[in-house]
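Working notes, beginning with the structure itself.
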Amino acid sequence: MNRARTALAGSALAVLLLSGCTAGPADPAPAAEQNSVPTETGAVGCDDLVSDADVTKYTDAGWELIADFVQRETESDSPRIAFVEYGGALCMWGPPASDFADVLAASPITDEQAAAERARLEADGFTLDQHNGVDRYALPDPTGGSDTYLFSGGHWFYANTPEAADRIRAQLDVG
């Protein structure tokens, strides 16, 4: 969990430096392709969570889509693996061999799954408020970032900052 917390702290700084995240590489890693969000228009993978402009920012900074991230999250028993279990994408952009990264996720979610995830977030100390017309669960970290989950209709989103979660939601246009 310390590794995830370090990654989250680093991503808060990265967001400040890079001002966002929005599209993936033209040729995403196989692990990223396996983690997709089914929508009316087809599957959405890690490359769909970020804009082309943000992919350029990431790659210009030497960052890449971390191919083994889902495996590492699974091995550490991270609750964020639920995004993959629910048929969505869970991705990390960052420098190779570093915990300084942006973690992004989105998936469809049923009412029952949402109730269970909301209860888990509340038990973990997240606070609920309204943010841009949706329910936001946030847990600030000491670096000034904030683990952020958004619930909108039949979808949920995760990022290291509210702004990044908003960009994912806008990029996918599914909630």
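Return the only residue of 97, 106 being of a type in the set (A, V, I, L, M, F, W, C) and open to solvent by 60 Å² or more (accessible area, probe 1.4 Å).
Criteria check complete, one pass: 97.
Where in region 101-169 are there strands (runs of 3 or more DSSP E), lying wholly inside it, with at least 3 residues that are under 11 Å from the mean Cα position of the chain (by Cα)? First the steps, then the outcome.
Details: elements: 102-108, 127-131, 134-140, 146-152, 155-159.
The qualifying strands (runs of 3 or more DSSP E) are 102-108, 146-152, 155-159.
Any idea how many residues of region 128-149 are of a type in the set (Ser, Thr, Tyr) and open to solvent by 40 Å² or more (accessible area, probe 1.4 Å)?
1
As an exercise: evaluate residue 113 against (1) modelled with pLDDT of 95 or more; (2) more than 22 Å from residue 173 (Cα to Cα) and give the number of the one condition it does not meet.
Every listed condition holds for residue 113 apart from (2).
List every residue pair whose Cβ atoms lie under 8 Å apart, where the two residues are 6 or more positions apart in sequence or sit on different chains, the first residue falls within region 121-150 and is free of Cβ contacts under 8 Å to residues at least 24 places away in the same chain and small (Gly, Ala, Ser), and the second residue, located anywhere, is open to solvent by less than 80 Å² (accessible area, probe 1.4 Å) and outside any loop (DSSP other than H, G, I, E, B).
125/139; 133/152
The values are calculated or read from the model by the stated rules, or taken from the named source; none is laboratory data. On a predicted model such as this, the values are computed, not experimentally measured, just so you know. No Cβ is skipped: glycine too gets one built from the backbone with ideal geometry, and neighbour counts run over all protein chains shown. All accessible areas refer to the heavy atoms of the entire protein, side chains included, with ligands and DNA or RNA removed. Shrake-Rupley method; radii C 1.70, N 1.55, O 1.52, S 1.80 Å.
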